[in-house]
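Report on the following structure.
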Amino acid sequence: MNWSTKNIPNLHNKIVVITGGNTGLGYQMSLELANKNAHVIIACRSIEKGKKAIKNIQNTLNKSVSLETIPLELTDINSIKKFAEVFLKRHKQLNILINNAGVVNLKEYQLTVTGLEMHMATNHFGHFALTGYLFPVLVNTPNARVVTMSSGAYRSGSIDFNDINWKKRPYHRGKSYGDSKLANLLFMQKLQEKFELYNASAMSLAAHPGLSATERQQTIGIGGWLSKILAQPVHMGALPALQAATDVKVKAKEYYGPKWFIRGFPTIEKLKPNALDMAKAERLWKLSEEITGVIYQA
């Protein structure tokens, strides 16, 4: 039987954080989980964008829903820390964290103000820091889940630790994006080890949307007329992450994606060897601690 939003249980009294929850796939996830009575926190760059998304969700669902927004800039460690501080003042539990926000195939080589390559900084290091600051509340919330969004592009990823910021090599947009998506999967697995270290019931999983008709994927993703024909609707692209976040049958370290890779209902995908390299995962974890200054402690 195909898994759909009809299978999402009632999420009353559940607290959810979705990065990039104001647009694209993140917006769709925010809408679907709010519709199932979760309290959804939209983490995005500005209060204005978050409030606009909340208003749109309220108008679309046309019923009483529970949403809030807290600003978050994933390339700014101070913003990440502030987000966590605000969240922890307001909430004592975190049932679902969806690390969804990201940048895709940036045409021009870009560095953050601290000198980090933009794909890895946003897609991996930012979420590493955010999850780390929220780690204590995740450990103390029964059966919490962290879903980290990856992409089929991870298959081309390798991660050059001697040139993580592309200062020695010619910049390659697809490769740098693929490296960041590989980092997401290595992080997902190592995070589960951290949960187990503290005997937590929390689970770490990953998902990817296939080829979805989001504005971002259509303009700076694969792009072109063929992708517009092949792309599935956004509500379908959001399903793998939603299943990973809510299905009672999922298991830690599972990776969900569309059945036909770029489209279809969600299914469990087998990871390629590059995403199962735990020595590389350990090295990435240590580098992430050094770069962000965030150490996971419960």
| note | Scanning region 245-298 for residues that are part of a helix (DSSP H, G or I), closer than 23 Å to Ile80 by Cβ and of a type in the set (A, V, I, L, M, F, W, C) gives Ala245, Ala281, Leu284, Trp285, Leu287, Ile291
| query | Would you call Glu85 open to solvent by 30 Å² or more (accessible area, probe 1.4 Å) and either closer than 20 Å to Arg45 by Cβ or hydroxyl-bearing (Ser, Thr, Tyr) (or both)? | reply | yes
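Quick check, is Ser79 open to solvent by less than 80 Å² (accessible area, probe 1.4 Å), of a type in the set (Ser, Thr, Tyr) and closer than 25 Å to Asn143 by Cβ?
no
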| remark: Considering residues that are surrounded by fewer than 16 Cβ atoms within 10 Å (Cβ to Cβ), farther than 20 Å from His124 by Cβ and out of contact with any helix residue (DSSP H, G or I) (no Cβ under 7 Å at 6 or more places or on another chain), the number found within region 92-110 is 1
| Quick check: is even one residue across region 56-67 in a loop (DSSP other than H, G, I, E, B), farther than 24 Å from His235 by Cα, modelled with pLDDT of 95 or more and not basic (Lys, Arg)? | no
| remark: A careful count of residues in region 129-153 that are in contact with a strand residue (DSSP E or B) (Cβ under 9 Å, 6 or more places away or on another chain) and of a type in the set (Phe, Trp, Tyr) gives 0
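Which of the residues that make up region 181-215 are hydrophobic (A, V, I, L, M, F, W, C) and in a helix (DSSP H, G or I)? I'd like the intermediate steps shown before the answer.
First, pick out the residues of region 181-215 that are hydrophobic (A, V, I, L, M, F, W, C): 182-183, 185-188, 191, 195, 197, 200, 202-203, 205-207, 211, 213.
Once the filter is applied, which keeps residues that are hydrophobic (A, V, I, L, M, F, W, C) and in a helix (DSSP H, G or I), region 181-215 yields Leu182, Ala183, Leu185, Leu186, Phe187, Met188, Leu191, Phe195, Leu197.
The values are calculated or read from the model by the stated rules, or taken from the named source; none is laboratory data. The structure presented is a predicted model; accordingly, all values stated were derived computationally and were not measured. Neighbour counts run over all protein chains shown; Cβ positions are idealised from the backbone, glycine included. What goes into the accessible areas is simple: the full protein's heavy atoms, side chains included, and nothing from ligands, DNA or RNA. Shrake-Rupley method; radii C 1.70, N 1.55, O 1.52, S 1.80 Å.
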